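Peer 1: Got a structure for you, questions after.
The values are calculated or read from the model by the stated rules, or taken from the named source; none is laboratory data. This one's a predicted model, so the numbers in the text were calculated from it and none came from an experiment. Note that each Cβ is placed from the backbone with ideal geometry, even for glycine, and that neighbours are counted across all protein chains shown.
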Amino acid sequence: MFLGWMALQPRFHRMKFTDSIDDEAKALGKNIQNINMALCEYWSIHFSKDPIEKLYVVCFHESEEYHIHIHLIPRTKELGDEDPTAYMAWKTSERTKTDPFPPEYRIMIKDLNGGLVEDPKVVALMSYLSGALSKISTRKV
């Protein structure tokens with residue numbers, strides 16, 4: 001995983017989309033739209049030379065004990081021009097033959113003792129998204 005890769009989960013246990021009620025399905029689509037907009041906005045400010053070109057939306061619901069969860073995976077310009085139908089976000093390093101993701105997008109860093117700690121960039125991104133999504137949700141439509 002890398003900076004910008006997020007997972008959404010419904011508030012209620014749902015094993016498949018057809019278990020959702022209409023209001024939940026509408027809210028999910030709108031939430032994905034709003035997150036995409038805010039994430040692209042953040043990226044244009046902080047990583048302007050490597051813009052997000054598209055956002056992959058991947059859904060998993062693999063066993064009874066876990067409910068549906070949706071991964072939002074930004075694809076930036078730096079990942080290249082290859083055929084997008086062959087792209088799998090978690091196999092980027094195999095596809096590009098390079099380091100999986102640019103170091104500035106890593107979400108964990110090593111502390112002085114060699115342990116992993118959350119990168120301050122994650123805190124900054126989540127804070128930005130929280131503020132941006134709050135503004136979006138209070139706008140009159």
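Peer 1: Every residue in segment 25-36 that is surrounded by 12 or more Cβ atoms within 10 Å (Cβ to Cβ) and of a type outside the set (D, E, K, R), please.
Peer 2: A25, A27, L28, N31, I32, Q33, N34, I35, N36
Peer 1: Against the definition (exposed (fewer than 15 other Cβ atoms within 10 Å of the Cβ), touching a helix residue (DSSP H, G or I) at 6+ places or on another chain (Cβ under 9 Å) and either at pLDDT 75 or above or over 27 Å from S20 (Cβ atoms) (or both)), how does I45 come out, yes or no?
Peer 2: yes
Peer 1: A further question on this structure: Filter segment 3-24 for residues that are within 15 Å of V57 (Cα to Cα) and surrounded by 15 or more Cβ atoms within 10 Å (Cβ to Cβ) and give the result.
Peer 2: G4, W5, M6, L8, P10, listed by residue number.
Results for (1) in a loop (DSSP other than H, G, I, E, B); (2) of a type in the set (S, T, Y), shown as yes or no for each residue.
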residue	(1), (2)
L3	yes, no
A25	no, no
I32	no, no
C40	no, no
S44	no, yes
K49	yes, no
C59	no, no
